[in-house]
Amino acid sequence: MADKAIEVLLDERRSFPPPKGFKKSAHVRNASVFNTARKNPQAFWAKAAKELHWFKPWKKVLEWNSPWAKWFVGGKLNASYNCLDRHVNSGRKNKAAIIWEGEPGDGRVLTYRDVWREVNKFANVLKKLGVKKGDRVCLYMGMIPELVIAMHACNRIGAPHSVVFGGFSAESLRDRINDAQAKVLVTADGGYRRGTTVPLKKNADEALADAPSIENVVVVKRVGAESGAQMKDGRDHWWEDLMADAALWCEPEKMDSEDMLYILYTSGTTGKPKGIVHTTGGYLTGVTLANKWIFDMKEDDIFWCAADIGWVTGHTHIVYGPMANGVTQVMYEGTPDWPDRGRLWRIVEKYGVTIFHTAPTAIRTFMRWGTEYPGEHNLKSLRLLGTVGEPINPEAWVWYHKYIGGGRCPVMDTWWQTETGHPLITPLPGLTKLKPGSATMPFPGIEADVVDEKGQSVPKGGGGYLVLTKPWPAMMRTIYGDPDRFVQTYWSRFPGKYFTGDGCKRDKDGYYWLLGRVDDVMNVAGHRISTMEVESALVDHSSVAEAAVIGKAHEIKGQAICAFVSLKMGIDGSAALVDELKAHVAKKIGPIARPDEILYAAELPKTRSGKIMRRLLRDIADGRAMGDTTTLADPAVVAKLKEQYEEE
Ligand code: WTA
């Protein structure tokens, strides 16, 4: 975040106590819960775990050999059983689980029993394709119910899923398949997005040219002939053909609490994405409780998390949390501006959505579009709002509260990460006095701290690095296939503490104000993208000698990708080449990583030991006075770059 934005943030004085209605009826009404959890965290989490169905009870709540955690040791359970069978067997079988709307305007409503039936059938399909407990299954799909069904089918048979966001390129998909050594790929012929179609199967074919672990591909027919999808004999199968004669019952696998539930890749500070590993008992316990308490989920709520399931938010707030709680949810396939900018509010009105969750970048976009779009719809059904993914500026918070929430809905600013499993710094709607721009305080049972360079706790009023000091059930267990990197990335900077990579300030009331990443990870429109990944994609182009990438403050997206590129000898930096380089990055990683700006630089500023000084590039891009340049090998390089940048 730019310095100015931080100053504005920390000057925020407005506060919003819980509305009266919430105080009376919320799941959590008594602040003593924080003390109870602090005094005996194991008893607190064990009580939460008991809400789930266990085939076999655990023997021990926690085994903690820092940084290795085992929760609910010896317990056996199944995630799909908890998200489906439990409801089907207890009076919710006819309740709508998913109210789905396709972008072109088609729709389907699936009851809990419908989802349960399809999950059982698809679990049997996977078994027939040779998938066994422990085998990885890769899912590369758009936002259609079959994605949810496939995820639960995987966990029903104990096969960890690895969902790859449908906006990722063929190469990104290939790398993720290969890292996980997935056996089966489930995809769709295509998906609808902003009035056009995304060629999912075509991308998958390109990825599979170099992903030998995949033995079978299952393809959902979503788009039809228009997709131009080709099927390869023996390897590719249509979903509907396999489902036609699949048996209706599949015995849920009795999974050990610590058996892997899924892998989800996220960007780190190196070019190679990390496969974050979550396990069954701890993750499910954490997400069930966090969803229930933070969103105050009740029997007749209509919950809508408008995130993509390709990211952790969709895993936790669509597939696992709401379904474990047995609520009805809305799921939408497309973009907010198709066919017009009123789409989301039309959906809220049509289905009577009561809880709505989105990202600050989306809220800032809605702000720019203007109040007439929400204004044209009756949004009175809403009673609670959520935001996640990046720091929210107070103006966007207040706008969201006023124009979407009608001034009556508490706004839950939830801080968390793929690694943490569920929100850890977050308000509780019936208890917390909200301050716009602050994610407020740690969830019960979570111990956080703000520390300085040396790992010393910074007193209230000061800023530093956000760390987590005690284990919690839904914490990641390792990086798939790379335990050393897990220890190195998260547990080495401050021994014994989990390092989040986020900067944070605590005010005098103990409220946490997240200030953005302190490492080489950008947050572009709520998506985590590593500077190194974009740099590798750039230097992969035949004209590029060297590249340095930074996140530049951006009004809507939070950060925009800005690249400084030096070209190989004899190559001229033309405008056409800028476009070509942007397209190259989009092709290598996916459209979300397309640089917003590319600037040619004869040389990049480096320290005497040869490290690129990104801090200076950030200063140049944000138009700030430059920091200390004394360690630079050639200070003239920066001066020249700055001059050039200001001219552009
Ligand atoms: C950022 C998304 C401020 C943060 C759930 C974190 C936030 C990264 C917030 C994780 C928030 C997420 N306020 N920053 N409410 N929520 N972040 O893994 O920098 O995609 O480290 O998980 O997003 O991104 P990830």
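Out of curiosity, is V451 open to solvent by less than 20 Å² (accessible area, probe 1.4 Å), at pLDDT 95 or above and within 14 Å of the ligand (Cβ to nearest atom)? Judged against the criteria, V451 is not a match.
The criterion of at least 1 residues that are in contact with a Ser or Thr (Cβ under 7 Å, 6 or more places away or on another chain) is met by the following strands (runs of 3 or more DSSP E) wholly inside region 161-268: 191-193, 196-198, 216-220, 260-266.
Checked against (1) surrounded by 21 or more Cβ atoms within 10 Å (Cβ to Cβ); (2) within 23 Å of E533 (Cα to Cα), V125 meets all criteria but (2).
Here region 598-628 is the region considered, the condition is being among the basic types (K, R) and outside any strand (DSSP E or B), and the residue that is nearest to A560 (Cα to Cα) is R618. Could you check region 298-311 and list, in sequence order, the residues that are part of a loop (DSSP other than H, G, I, E, B) and either modelled with pLDDT under 95 or surrounded by fewer than 24 Cβ atoms within 10 Å (Cβ to Cβ) (or both)? Within region 298-311, K298, E299, D300, D301, A306, A307, D308, G310, W311 meet the criteria.
None of G370, G389 is under 30 Å from R13 (Cα atoms), more than 16 Å from the ligand (Cβ to nearest atom) and open to solvent by 10 Å² or more (accessible area, probe 1.4 Å) except G370.
I556 satisfies every condition listed in (1) open to solvent by less than 60 Å² (accessible area, probe 1.4 Å); (2) modelled with pLDDT of 95 or more except (2). Residues considered: D509, D579, D520, D596. Of these, the only one that is open to solvent by 30 Å² or more (accessible area, probe 1.4 Å) and within 14 Å of the ligand (Cβ to nearest atom) is D520.
Restrict the check to region 140-147 and report whether at least one residue is under 18 Å from the mean Cα position of the chain (by Cα), assigned to a strand (DSSP E or B) and under 17 Å from A307 (Cα atoms). Yes, region 140-147 contains at least one residue that is under 18 Å from the mean Cα position of the chain (by Cα), assigned to a strand (DSSP E or B) and under 17 Å from A307 (Cα atoms). Just one of the listed residues (I592, I561) is under 14 Å from R614 (Cβ atoms) and not polar (S, T, N, Q), and it is I561. Which residue is surrounded by the most Cβ atoms within 10 Å (Cβ to Cβ), if the candidates are limited to region 89-108 and must be free of Cβ contacts under 8 Å to residues at least 40 places away in the same chain and in contact with a Ser or Thr (Cβ under 9 Å, 6 or more places away or on another chain)? That would be K93. Remark: pairs (first residue in region 26-47, on the phi > 0 side of the Ramachandran plot and without any contact (Cβ under 8 Å) to a residue 40 or more places away in the chain; second residue surrounded by fewer than 16 Cβ atoms within 10 Å (Cβ to Cβ) and of a type in the set (V, I, T); Cβ separation under 7 Å; 6+ apart in sequence or on different chains) are absent. For the condition crowded, with 22+ Cβ neighbours inside 10 Å and among the polar types (S, T, N, Q), S438 qualifies.
Sub-6 Å Cβ pairs linking a first residue in region 575-586 that is without any contact (Cβ under 8 Å) to a residue 60 or more places away in the chain to a second residue that is of a type in the set (K, R) and not in a helix (DSSP H, G or I), at least 6 apart or interchain, are K582/R594; V585/R594, ordered by first then second residue. Among the residues of region 284-302, is there at least one that is of a type in the set (S, T, N, Q), under 30 Å from E63 (Cβ atoms) and within 16 Å of the ligand (Cβ to nearest atom)? Yes, some residue in region 284-302 is of a type in the set (S, T, N, Q), under 30 Å from E63 (Cβ atoms) and within 16 Å of the ligand (Cβ to nearest atom). F168 falls short on exactly one of the conditions (1) open to solvent by less than 10 Å² (accessible area, probe 1.4 Å); (2) closer than 22 Å to P212 by Cβ; (3) among the hydrophobic types (A, V, I, L, M, F, W, C); (4) within 20 Å of the chain's Cα centre (by Cα), and that condition is (1). Within region 486-506, the set of residues being within 16 Å of the ligand (Cβ to nearest atom) and open to solvent by 40 Å² or more (accessible area, probe 1.4 Å) comprises T489, R493, K497, K505. Within region 414-423, does at least one residue satisfy the condition of being away from the ligand (no atom under 16 Å from the Cβ) and β-branched (V, I, T)? For region 414-423, residues away from the ligand (no atom under 16 Å from the Cβ) and β-branched (V, I, T): absent. For region 599-625, the candidate set comprises residues that are surrounded by fewer than 16 Cβ atoms within 10 Å (Cβ to Cβ) and aliphatic (A, V, I, L, M); within that set, the residue that is modelled with the highest pLDDT is A602.
The values are calculated or read from the model by the stated rules, or taken from the named source; none is laboratory data. For clarity, every value in this text was computed on a predicted model and none was experimentally measured. So basically every Cβ, Gly included, is an ideal-geometry build from the backbone, and we count neighbours across all protein chains shown. These accessible areas exclude ligands, DNA and RNA; they are computed on the full protein's heavy atoms, side chains included. Shrake-Rupley method; radii C 1.70, N 1.55, O 1.52, S 1.80 Å.
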